[in-house]
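The values are calculated or read from the model by the stated rules, or taken from the named source; none is laboratory data. Nothing here was measured: the structure is a model prediction, and the numbers come from that model. Every residue, glycine among them, receives a Cβ derived from its backbone with ideal geometry; neighbour counts consider all protein chains shown. Surface accessibility is based on the protein's heavy atoms, side chains included, excluding ligands, DNA and RNA. Shrake-Rupley method; radii C 1.70, N 1.55, O 1.52, S 1.80 Å.
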Amino acid sequence: MNQSEREAAKRRAGESAVEAVEDGMTVGLGSGSTAAHAIRALGRDVDSGLDVEGVPTSFQARELAVETGIELTTLDERSVDLAIDGADQVAGPHLVKGGGGAHAREKIVDSAADRLLVVADPTKEADVLDHPVPVEVLPDARAPVTDAVRRLGGQPDLRRAERKTGPVVTDNGNLVLDCDFGAMPDPAGLAADLAGLPGVVEHGLFVDAADEVHVGTETEVTVFEP
Ligand code: A5P
């Protein structure tokens, strides 16, 4: 699958998930390039008269929603009917997220939603999760969490910014450690261990999270309920 085929697959997945949105719904707006296709498709539906409100999961999602004319709201005001979000890896209902460093807000919004629809291209599918897990940490907790992740069997790597010297700083003002644990046959156990570390704001393991997965291909979309 070359880059343009992959982009088309992401677009198909995003557009497919948006078909589940109904008039009057509050929709969780995911982050990343695949979710962006869904936000754009939802914006087109709003242009054609669909009445929805969106809860953004990141600066990027908020900006795109404003640009495409989707009315925004917050979890203080509305409950979320449906969230549409991308993933770095999908194994059944389990996900690794946080490639864009937005997994803390994504987890808040996605888990508050009645249903989470995950949008992906085929490169994201796996039998067992083995993608490095992004762990958002308070800046003061970087060193102790780095040590603790090593004790849990992971290889932590501070995420570096590309157009700035130093680390990536999240929308919440924190740092990200990308932690490679190899294959993770027990994501629930690892998720609990990571969540228990002082200074960890949120990690990118989304256990039993997906209600529906839309995988775009070069020609169609496969939808499954894990
Ligand atoms: C953002 O932090 C992530 O969780 C994204 O949803 C994930 O990285 C998928 O992004 P792409 O659709 O760009 O691959």
Next item on the list: Identify the single condition in (1) in contact with a Leu (Cβ under 8 Å, 6 or more places away or on another chain); (2) more than 16 Å from K97 (Cβ to Cβ); (3) open to solvent by 30 Å² or more (accessible area, probe 1.4 Å) that T165 does not satisfy, given that it satisfies every other one.
Entry: (1)
Notebook entry, point to check: On the given criteria, is T146 open to solvent by 30 Å² or more (accessible area, probe 1.4 Å) and either outside the structural domain of G98 (by TED's automatic domain parsing) or out of contact with any Pro (no Cβ under 7 Å at 6 or more places or on another chain) (or both)?
Noted result: no
Next item on the list: Scan the helices (runs of 4 or more DSSP H) fully inside region 1-80 and keep the ones with 1 or more residues being more than 16 Å from the ligand (Cβ to nearest atom).
Entry: 33-47, 59-68
Next item on the list: Taking S58 as the residue in question, decide whether it is crowded, with 17+ Cβ neighbours inside 10 Å and among the polar types (S, T, N, Q).
Entry: yes
Check: Of all residues in region 74-90, which are buried (at least 16 other Cβ atoms within 10 Å of the Cβ) and more than 15 Å from the chain's Cα centre (by Cα)?
Finding: V80, D81
Notebook entry, point to check: more than 14 Å from the ligand (Cβ to nearest atom), in contact (Cβ under 8 Å) with a residue 12 or more places away in the chain, touching a strand residue (DSSP E or B) at 6+ places or on another chain (Cβ under 8 Å) and of a type in the set (A, V, I, L, M, F, W, C) - does that describe any residue in region 95-110?
Noted result: no
Next item on the list: Name every residue in region 189-226 that is open to solvent by 70 Å² or more (accessible area, probe 1.4 Å) and of a type in the set (D, E, K, R), in order of residue number.
Entry: D193, D208, E218, E220, E225
Notebook entry, point to check: For region 63-73, what are the residues that are out of contact with any Leu (no Cβ under 9 Å at 6 or more places or on another chain) and open to solvent by less than 60 Å² (accessible area, probe 1.4 Å)?
Noted result: G69, T73
Notebook entry, point to check: Any idea which residue in region 91-125 is most open to solvent (accessible area, probe 1.4 Å), counting only those that are within 21 Å of F224 (Cα to Cα) and assigned to a loop (DSSP other than H, G, I, E, B)?
Noted result: D114
Next item on the list: Tell me which residues, restricted to region 81-90, are near the ligand (Cβ under 7 Å from one of its atoms) and in a strand (DSSP E or B).
Entry: D85
